Amino acid sequence: MASRVTINPITRLEGHGKIDIFLNDEGNVDRAYLQIPELRGFEKFAEGRLAEDMPQITSRICGVCPTAHHMAGAKTLDDLYKVEPTPAGKAIRELVYNAFMFEDHALHFYFLGGPDFVVGPDAPKAARNVLGVIGKVGVEVGKKVIAMRKAVRDLISMAGGKVIHPVLGLPGGVAKALKPDDQAKAKEVADQAVEFAEFTLQVFNDIVLANKEYIDLILSDAYTHRTYYMGLVDEKNKVNFYEGQLRVVDPDGKEFLKFPCQDYLKHVGEHIEPWSYIKFCYLKDVGWKGFEDGPGSGVFAVAPMARLNASDGMPTPKAQAEYERFFETLGGKPVHQTLATHWARLVEILSAAEMMQEIAARPELIDPNIRNIPTETPVEGIGVVEAPRGTLFHHYLTDERGVITKANLIVATQNNAARIAMSVDKAAKGMIRNGHVDDGILNKVEMAFRAYDPCFGCATHSLPGQMPLELCLRDSEGTILRRIKRQID
Amino acid sequence: MAEPRSDSQRDKAGTFKGKTLVIGLGNPIVSDDSVGLRVVQQLETLLADRDNLDVSEDYWGGLRLMERMIGYDRVIVIDAICTGAKPGTIHHLALDSVPTQKSASAHDVNLPTAIAFGRHAGAHLPDDEEIRIVGIEAEDVINISDRCTPAVEAAIPRAVDAVIKMLGFGSCLPRHPPGSPTWLDQSTGHRQAGPRRDGH
């Protein structure tokens with residue numbers, strides 16, 4: 001019989017990922033829980049502030065993806081004031097947004113998720129970091145990564161107005177026009193980005209895909225869940241990070257829903273569990289049936305692999321070729337193996353880089369008409385973007401002066417939270433048998449959530465470092481049998 | 001990862017000659033997490049127009065912080081820290097002596113790894129000894145708020161003074177008659193002479 005689960009909410013003082021594993025009387029896993037600390041009080045903080053400040057305020061919630069919040073906020077203001085951006089305003093926003101996706105995905109591959117594969121999942125922990133990647137791929141890659149990140153960040157601050165938090169988004173467009181010199185610079189950086197993305201895919205191809213062991217690891221059952229998938233698509237059902245309709249496919253890959261973001265409350269529900277601050281999103285059309293796989297459960301996934309599953313292809317030619325190779329290699333659509341997210345992310349890097357090229361070539365990019373001035377009285381606005389880690393919704397209600405009366409955000413990690421919990425549970429069940437705990441359990445669990453790259457409410461970073469992970473093994477009475485902490489190095 | 005100490009940036013008297021970055025980290029809307037930003041906002045005024053010295057802010061540790069350090073010979077990082085000490089306590093730390101890596105982001109590498117990566121890639125970075133961290137013990141780093149808790153707010157002038165002293169600029173601050181030491185009035189942000197009114 002399983003014990004009652006009572007886990008004290010963890011504070012930021014011990015703000016690490018915390019996993020509680022409850023064993024049954026036979027010593028097998030009854031249930032594993034991943035605790036995620038979350039910042040509190042945002043809704044209250046937003047009330048009484050001007051809606052037009054929300055792109056700035058929300059971009060500070062998350063230190064990891066400020067540009068995603070900024071852009072979701074700007075799009076929500078468009079909807080609030082019922083005003084469409086001008087072609088130039090839209091082009092500048094899209095340029096910044098694709099550059100941001102490119103930068104963020106590249107960071108993930110070289111520094112976070114990639115080392116497990118490039119250096120090897122069985123390599124010692126100390127070697128599985130970016131230095132290990134350099135050791136394997138060569139010192140030149142380090143120079144390339146630093147130079148590329150700098151070029152993209154310079155481009156974002158040129159168009160976005162500020163290095164740290166972009167300030168360009170206004171209802172109906174952007175704050176600053178681009179000049180012909182800026183366009184030339186954008187083209188140059190976009191070309192460099194495409195080359196970098198192709199180089200990165202080549203590294204992945206040579207080191208990961210050429211190794212059958214790695215393919216087997218990606219395809220292993222340990223991280224496989226047959227769920228629904230959600231992502232933004234354009235009118236041709238191609239992946240779009242900035243705009244479009246939300247498309248949901250079922251576990252067999254068939255279109256299940258397609259809706260504008262304004263209908264999100266009709267389709268996306270939030271389930272509450274007593275042990276978690278994070279609310280678990282599910283499809284209302286299916287219903288919450290627990291942390292379960294299959295078409296009868298409303299659990300869905302977002303982020304790169306889900307976006308590829310939920311679309312019919314990529315918007316650009318080179319990325320489309322990679323998209324096709326992805327599904328051919330992994331056995332067709334949809335792909336349910338969570339670790340394939342790392343590859344999907346690289347397909348998206350190439351797509352973002354090619355989109356930068358396409359946008360940089362648009363004549364309207366330097367049109368001085370960058371904004372339509374809103375004239376409507378605001379009531380309610382809903383906006384969406386695909387953040388690097390998945391679908392991000394913003395929803396504001398205001399009074400007639402545009403002062404926020406209620407704000408609601410659904411971030412990517414919430415959309416993915418149920419599936420993350422399922423992966424952690426599955427990894428634990430695979431590593432613990434009859435009371436015997438394999439010491440590799442932390443790595444397994446870590447690989448599971450690294451693929452999702454969940455945002456652990458870590459807008460605050462306090463002092464720099466890696467995220468520690470603690471695992472508590474409890475018996476059926478809830479007594480702690482063993483505590484494993486990942487060493488910080 | 002310790003490297004031989006290089007004294008090339010100091011003259012015979014020990015005065016630092018190289019390029020210095022003073023950088024505050026934090027999230028402006030998360031209570032005490034914003035303290036690093038508040039400290040550098042005061043330092044920006046006090047240290048304006050200094051040669052070879054930049055005062056700046058950012059929101060990320062790890063890789064991005066390393067990238068901000070490129071081109072500098074000395075860096076002082078000011079940030080909130082959670083060690084369990086009394087809120088407002090000022091900690092002086094070196095790169096290799098950060099006592100806890102808690103509250104860190106899952107999306108980043110730690111600073112020593114990032115620095116090692118930067119050096120491998122040929123970036124000009126300060127020696128380990130020239131990277132110093134001023135940590136201000138935080139009380140609340142979980143609630144969204146544009147204010148620090150009182151104990152942390154009260155620590156801001158002390159942290160500002162600590163950085164000024166580390167830079168060796170103590171004598172360059174506004175002078176006042178003997179018996180009237182200067183202090184920063186947290187409510188106005190101005191440096192004051194005379195008895196303190198903030199209880200310190």
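Going by the structure shown, is A:F117 in the same structural domain as A:S351 (by TED's automatic domain parsing), farther than 13 Å from A:R450 by Cβ and buried (at least 22 other Cβ atoms within 10 Å of the Cβ)?
no
Restricting to segment A:307-333, give me the number of residues that are of a type in the set (F, W, Y) and more than 25 Å from A:I359 (Cβ to Cβ). Step through it out loud before you land on a result.
Step one: list which residues in segment A:307-333 are of a type in the set (F, W, Y), which gives A:323, A:326-327.
Checking which are more than 25 Å from A:I359 (Cβ to Cβ) leaves us with A:327.
Here the count works out to 1.
List every residue pair whose Cβ atoms sit under 7 Å apart, with the two residues 6 or more apart in sequence or on different chains, where the first one lies in segment B:148-169 and is at positive phi and the second, anywhere, is surrounded by 16 or more Cβ atoms within 10 Å (Cβ to Cβ) and not in a helix (DSSP H, G or I).
B:G168/B:F16
Conditions (1) more than 30 Å from B:D140 (Cα to Cα); (2) surrounded by fewer than 18 Cβ atoms within 10 Å (Cβ to Cβ); (3) in contact with a Ser or Thr (Cβ under 6 Å, 6 or more places away or on another chain); (4) within 14 Å of chain A (Cβ to nearest Cβ), marked per residue:
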site: B:R10; (1), (2), (3), (4): yes, yes, no, no
site: B:G14; (1), (2), (3), (4): yes, yes, no, no
site: B:K19; (1), (2), (3), (4): yes, yes, no, no
site: B:V30; (1), (2), (3), (4): no, no, yes, yes
site: B:E57; (1), (2), (3), (4): no, no, no, yes
site: B:L65; (1), (2), (3), (4): no, no, no, yes
site: B:I70; (1), (2), (3), (4): yes, yes, no, yes
site: B:V75; (1), (2), (3), (4): no, no, no, yes
site: B:P87; (1), (2), (3), (4): no, no, no, yes
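Those residues that are small (G, A, S) and modelled with pLDDT of 95 or more, I need them from segment A:314-331; list them, please.
Selection gives A:A319, A:A321.
Search segment A:30-61 for residues being modelled with pLDDT of 80 or more and assigned to a strand (DSSP E or B), and hand back the single one that is surrounded by the fewest Cβ atoms within 10 Å (Cβ to Cβ).
Looking at the filtered set, the residue picked out is A:L50.
Which residues, taken from segment A:285-302, are among the small types (G, A, S) and under 13 Å from A:Y228 (Cβ atoms)?
Result: A:G287, A:G294, A:G296, A:S297, A:G298, A:A301.
Residues being of a type in the set (G, A, S), more than 13 Å from chain B (Cβ to nearest Cβ) and closer than 20 Å to A:A197 by Cα: count how many of those fall in segment A:81-139.
Number satisfying all stated conditions: 1.
Please go through segment A:301-346 and give me each residue that is polar (S, T, N, Q) and farther than 20 Å from A:R450 by Cα, ordered by number.
Result: A:S311, A:T316, A:Q320, A:T329.
Under the condition of being modelled with pLDDT of 80 or more and out of contact with any Asp or Glu (no Cβ under 8 Å at 6 or more places or on another chain), which residue from segment A:8-29 is surrounded by the most Cβ atoms within 10 Å (Cβ to Cβ)?
Here the residue is A:I21.
Just to be sure before I move on: is A:F204 at pLDDT below 95 and under 30 Å from A:K426 (Cα atoms) in the structure I sent?
yes
Select the strands (runs of 3 or more DSSP E) contained entirely in segment A:402-489, then report the ones holding at least 2 residues which are in contact with a Phe, Trp or Tyr (Cβ under 6 Å, 6 or more places away or on another chain), within 14 Å of chain B (Cβ to nearest Cβ) and at pLDDT 75 or above.
By residue number, A:404-410.
Is it true that some residue in segment A:350-361 is at pLDDT 95 or above, touching a Phe, Trp or Tyr at 6+ places or on another chain (Cβ under 6 Å) and under 30 Å from A:N211 (Cα atoms)?
Within segment A:350-361 (the criterion being at pLDDT 95 or above, touching a Phe, Trp or Tyr at 6+ places or on another chain (Cβ under 6 Å) and under 30 Å from A:N211 (Cα atoms)), the answer is yes, since at least one residue qualifies.
Helices (runs of 4 or more DSSP H) wholly in segment A:267-366 with at least 1 residues that are touching a residue at least 12 places away in the same chain (Cβ under 8 Å) and surrounded by fewer than 18 Cβ atoms within 10 Å (Cβ to Cβ) - which ones?
A:317-329, A:341-360
Go through segment B:1-17 and give me each residue that's at pLDDT 75 or above and among the polar types (S, T, N, Q).
B:Q9, B:T15, listed by residue number.
Give the residues of segment A:140-184 that are within 14 Å of chain B (Cβ to nearest Cβ) and in contact (Cβ under 8 Å) with a residue 40 or more places away in the chain, sorted by residue number.
Within segment A:140-184, A:V141, A:K144, A:M148, A:R149, A:A151, A:V152, A:R153, A:I156, A:I164, A:H165, A:P166, A:V167 meet the criteria.
Has segment A:100-107 got at least one residue that is under 25 Å from A:A319 (Cα atoms), over 15 Å from the mean Cα position of the chain (by Cα) and part of a helix (DSSP H, G or I)?
No, there is no match, as no residue in segment A:100-107 is under 25 Å from A:A319 (Cα atoms), over 15 Å from the mean Cα position of the chain (by Cα) and part of a helix (DSSP H, G or I).
Return yes when B:A159 is at pLDDT 85 or above, in contact with a Gly (Cβ under 8 Å, 6 or more places away or on another chain), assigned to a helix (DSSP H, G or I) and more than 14 Å from every other protein chain (Cβ to nearest Cβ) and no when it is not.
no
Among the hydroxyl-bearing types (S, T, Y), more than 25 Å from A:F42 (Cβ to Cβ) and more than 11 Å from every other protein chain (Cβ to nearest Cβ) - does that describe any residue in segment B:98-115?
There is no residue in segment B:98-115 that is among the hydroxyl-bearing types (S, T, Y), more than 25 Å from A:F42 (Cβ to Cβ) and more than 11 Å from every other protein chain (Cβ to nearest Cβ).
Quickly run through segment A:143-190 and pick out the residues that are assigned to a helix (DSSP H, G or I) and of a type in the set (G, A, S).
Across segment A:143-190, the qualifying residues are A:A147, A:A151, A:S157, A:A159, A:G160, A:A184, A:A186, A:A190.
Consider A:P166 carefully, then state whether it is more than 16 Å from A:L365 (Cα to Cα) and surrounded by fewer than 16 Cβ atoms within 10 Å (Cβ to Cβ).
Spelling it out, it is not the case that A:P166 is more than 16 Å from A:L365 (Cα to Cα) and surrounded by fewer than 16 Cβ atoms within 10 Å (Cβ to Cβ).
The values are calculated or read from the model by the stated rules, or taken from the named source; none is laboratory data. If you're wondering where the values come from, they're calculated on a predicted model, not measured in any experiment. Here Cβ is always computed from backbone atoms with ideal geometry, including for glycine, and neighbour counts include all displayed protein chains.
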